[in-house]
Amino acid sequence: MTKPRFKSRSWKKVKVRLPGGRVVIHYRRKKTKPPICGKCGKQLHGVPRVRSSILRKLKKTEKRPERPYGGNLCSYCMREIMKEKARSV
């Protein structure tokens, strides 16, 4: 029988074949939506697609790229902003 906590739709059902040949259902958490750029809305590379509880446990360098606006803007938009700042100076 399914445990009550697995009856919500926040759990993903995964069929797993056991060594004896039997197929059972395991429950895993669903992946979150990918992080997006604040300017253009494209998916950010270098930022893991994990829940905030798991993200908290990661090292600082694993959470986001180490560049200006890393984790907020994609590399293309970041370059555009840097060019604008260089022009204004």
Original post:
Convex hull volume of the Cα atoms in the chain, per residue, in Å³?
Top reply: 142
Original post:
In whole Hz, what ³J(HN,Hα) sequence does the stretch 54-65 give by Karplus (6.51, -1.76, 1.60; θ = phi - 60°), x for Gly and Pro?
Top reply: 7, 4, 4, 7, 6, 6, 4, 6, 8, 7, 7, x
**OP:** Using packing as a proxy for protection, rank 37-45, 66-74, 19-27, 50-58 so that the peptide with the highest average count of other Cβ atoms within 10 Å comes first.
**Re:** 66-74, 37-45, 50-58, 19-27
Original post:
For the Cα atoms of the chain, what angle does the longest principal axis make with the long axis of helix 75-88, in degrees from 0 to 90, nearest 10?
Top reply: 20
Subject >> Charged-residue dipole, Cβ positions (Lys, Arg, Asp, Glu), the chain about Cα centre, Debye nearest 20 >> reply: 680
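None of the figures in this text is laboratory data; all of them are computed from the coordinates on show. Keep in mind it's a predicted model, so treat the numbers as computed, not measured. Neighbour counts are summed over all protein chains in view; Cβ atoms, including those assigned to glycine, are modelled from backbone coordinates with ideal geometry.
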